[in-house]
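Chemist: A single structure is presented below for examination.
The values are calculated or read from the model by the stated rules, or taken from the named source; none is laboratory data. Note that the structure is a prediction, hence the values are computed from the model and not measured. When we count neighbours, we look across all protein chains shown, and the Cβ atoms used for this are built from the backbone with ideal geometry, even at glycine. The accessibility values were calculated without ligands, DNA or RNA, using every heavy atom of the protein model including side chains. Shrake-Rupley method; radii C 1.70, N 1.55, O 1.52, S 1.80 Å.
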Amino acid sequence: MNNLKNLRGTVDLLPDQLIKWQNVEKIILEQLSRSSIKEIRTPILEMTELFIRGIGEETDVVSKEMYTFMDRGKRSCTLRPEGTASVARALIQNGISSNTLQKLWYMGPMFRYERPQAGRQRQFHQLGVEFIGYESVRSDVEIITLAWDILGKLGIKELNLEINTLGDINDRLNFQKSFIKWLEINKNSLDLDSQRRINKNPLRILDSKNSQTKKVLENAPKLFDFLSDKSHKRYTDLKKQLEFLKIPFVENFNLVRGLDYYTHTAFEFTSGNLGSQSTVCGGGRYDNLIKQMGGPNTQAIGFAIGLERLILISGKELAVPRNTDIYIINQGLIAESLAMDLSRKLRNYDLLVELDLSGDSFSKQFKKANKLKSKSIIVIGDNEAANNEFTIRLFDKESFGNKEEVISLENDIKLENWLNNNLLLR
Ligand code: HAM
């Protein structure tokens, strides 16, 4: 048994940790529903081809990080490293038309074979949002605002929003030509990783973390100078609208993102509280992806939030479990059946009800209720069972004893009044 452990880069989430996850997810889902964004669920396992074509063969994600294997039917399968390509595939496969407008979200595990560290795992979770069929710059603003509001609702401070534009395909090709020329000339001053990327994925050199390379790049041609007037105007409009909404941002011309499908707007939210893996949310526009994957010409934009990183920076108050409302102390054959029945009735009032199943003595059961800090207790023993009733009392110090009531198991009105006065409407 000794060597049966979880795989490196994966974690077990235990009940106490999951309280925070569930509270965070609840707040996120409420905000998504208020923004009328609908859920989509796609398979975790996809054909490898999807990610090669969707994300780009030369990206780190595809070339180094995918969990890929042959299944028993000799098909190459991959555990999804992200959700955007799958959403695009699902829409194309289910008959997307050229005038589709859909706002979608998904949440779930993703897999990347990266070096594990704080905030970086091999199985991690994302909340993703994709606006499909939206072209105007206002959809870029709405998507950035949505991410900002979700992070804001979770009380996250020290957030920085960085934005950039990658232009359209033509802008990029024009830039790439002169950039590659410049890189060839300056090749020896670049780090080895960047040298390797010159012909494979030159744009990624722009976000190299190597300090020497960064310094050299200061003199490189800038993508920004290759933008068409239209792309330039689009970016200026984006900035104006963000300013209007008072969403603070900084421009980062080296922000290129790690996936090949991006066009025009690219953005990331980082947090000073996260250490080296500081990006909590990344996204951007991907106007060519759906067409390139065989669908109609459909513009789109989206983002994904890394939930592990989000949990690390969201407040402690979200980790507090919900209090037990009623602890049912019960003993005796008939009493135990009645208690079971009553617990089900009480849960219909959206109360957190704990039914003691131990058969322990009353005093032991009292102690457990006390330890749990249950707001109230119900007692059903042989005497109560014989009279078809139960005793209910508030369990806090001030009212202890005073708020006790004996209620017939058939008197739902009296029960409801007691709950309203003491637990529900307080
Ligand atoms: P991404 O930047 O690759 O974008 O990932 C988004 C977020 O997922 C990151 O900012 C980070 O918080 C989290 N993340 C990524 N890798 C890991 C990891 N190994 N461990 C923990 N967290 C991680 C995408 O995935 C795009 N699909 C986003 C998108 C949607 N763009 C348009 N639509």
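Chemist: Over all alpha-carbon pairs of segment 71-213, lay out the pair-distance distribution in 10 Å bins, whole %, shortest bin first.
Modeler: Computed distribution, short to long bins: 8, 22, 33, 29, 7.
Chemist: Between rounded, prolate and oblate, where does segment 1-56 land on the alpha carbon gyration tensor, with a ≥ b ≥ c its root eigenvalues, rounded for a/c under 1.5, else prolate if a/b exceeds b/c?
Modeler: Working: a/c = 3.37, a/b = 1.08, b/c = 3.12.
Oblate.
Chemist: To the nearest 10 Å², what's Met70's accessible area with a 1.4 Å probe?
Modeler: 120
Chemist: With n ≥ 4 as the cut-off for DSSP H runs, can you work out [θ] at 222 nm for the chain, using -39500 (n - 2.57) per run divided by the number of residues, rounded to the nearest 500? Let's see the in-between values first.
Modeler: Numbers: 15 runs with 156 residues, N = 426.
Taken over the chain, the calculation gives -11000 deg cm²/dmol.
Chemist: What order, most packed first, do the peptides 181-188, 85-92, 53-60 have when packing is the mean number of other Cβ atoms within 10 Å of each residue?
Modeler: Values: 181-188: 13.0, 85-92: 22.9, 53-60: 19.4.
Averaged packing, sorted descending, gives the order 85-92, 53-60, 181-188.
Chemist: When the convex hull of the C-alpha atoms of the chain is computed, what volume per residue in Å³ does it have?
Modeler: Details: hull volume 92.7 nm³, N = 426.
Considering the Cα atoms of the chain, their hull volume per residue is 218 Å³.
Chemist: Under a Cβ-Cβ cut-off of 13 Å, what is the net charge of the residues other than Pro202 that fall near it, where Lys and Arg count +1 and Asp and Glu count -1? Don't jump to the answer; show the numbers that get you there.
Modeler: Details: positive: Arg172, Lys177, Lys181, Lys187, Arg196, Arg197, Lys200, Arg204; negative: Glu58, Glu184, Asp193, Asp207, Asp260.
Within the 13 Å Cβ shell, the charges total +3.
Chemist: Something else now. For segment 168-292, rounded, prolate or oblate, judged on the Cα gyration tensor with a ≥ b ≥ c (square roots of eigenvalues), a/c < 1.5 rounded, else prolate if a/b > b/c? Spell out each step's value before the answer.
Modeler: Numbers: a/c = 1.74, a/b = 1.25, b/c = 1.38.
Since a/c reaches 1.5 but b/c is at least a/b, the shape of segment 168-292 is classed as oblate.
Chemist: Membrane-span-like helices in the chain: DSSP H runs reaching 20 Å or more (Cα, own axis), mean Kyte hydropathy at least -1.0? Kindly include the intermediate steps, with their values, before the conclusion.
Modeler: Working: long enough: 15-34 (28 Å, -0.55); 137-153 (24 Å, 0.56); 169-185 (24 Å, -0.28); 229-244 (22 Å, -1.86); 333-347 (22 Å, 0.25).
Length and hydropathy pass: 15-34, 137-153, 169-185, 333-347.
Chemist: Ok, one more. Towards the positive end of the charge dipole of segment 326-424, with charges on Cβ (+1 Lys, Arg; -1 Asp, Glu), say which of Leu419, Gln331, Phe366 has the farthest Cα.
Modeler: Final value for the positive-end residue is Phe366.
Chemist: Just in segment 222-331: which GluC sites (Glu not before Pro) are loop by DSSP and have at most 10 other Cβ atoms within 10 Å?
Modeler: Loop-located and lightly packed - none at all.
Chemist: How many Lys pairs in segment 326-424 lie less than 18 angstrom apart by Cα atoms, where the lysines are 8 or more positions apart or on different chains?
Modeler: The result is 13.
Chemist: Then there's this: For His125, what accessible surface area do you get with a 1.4 Å probe? Give it in Å², rounded to 10.
Modeler: In the full protein context, His125 sits at about 40 Å².
Chemist: Can you tell me, using C-alpha contacts under 8 Å and at least 6 residues apart, the relative contact order of segment 326-424 as a whole percent? Provide the component values of the computation, followed by the final result.
Modeler: Working: 136 pairs, mean separation 26.7, N = 99.
Reported relative contact order: 27 percent.
Chemist: Express in % the proportion of alpha carbon pairs of segment 326-424 at distances exceeding 21 Å.
Modeler: On the way: 1138 of 4851 pairs.
Of the Cα pairs, 23 percent sit more than 21 Å apart.
Chemist: Follow-up. Ranked by accessible surface with a 1.4 Å probe, highest first, in what order do Glu405, Glu410 come?
Modeler: Result, largest first: Glu410, Glu405.
Chemist: Moving on. May I ask you to give the solvent-accessible area per residue for the chain, in square angstrom, as obtained with a 1.4 angstrom probe? Intermediate results must be reported in sequence, preceding the final value.
Modeler: Working: 22600 Å² over 426 residues.
Each residue of the chain exposes 53 Å² on average to a 1.4 Å probe.
Chemist: Rank-order 74-84, 361-371 by packing density, defined as the average count of other C-beta atoms within 10 Å over each peptide's residues, highest first. Please report the intermediate quantities before stating the final value.
Modeler: Numbers: 74-84: 18.5, 361-371: 13.7.
Answer by packing, highest mean first, reads 74-84, 361-371.
Chemist: At q = 0.11, 0.14, 0.17 Å⁻¹, what base-10 log of I(q)/I(0) does the Debye formula yield for segment 258-397 when every alpha carbon is treated as an equal point scatterer in vacuo?
Modeler: -0.63, -0.72, -0.90
Chemist: Take the alpha carbon gyration tensor of segment 39-145, find the square roots of its eigenvalues, order them as a ≥ b ≥ c, and report rounded if a/c is under 1.5; if not, report prolate when a/b exceeds b/c, else oblate.
Modeler: It is oblate, given that a/c is not under 1.5 and a/b is not larger than b/c.
Chemist: Fully extended, how many nm does the chain gain between Asp207 and Asp382 (0.36 nm per residue separation, minus their Cα-Cα distance)?
Modeler: On the way: separation 175, 0.36 × 175 = 63.00 nm, distance 7.28 nm.
My answer for the length gained is 55.7 nm.
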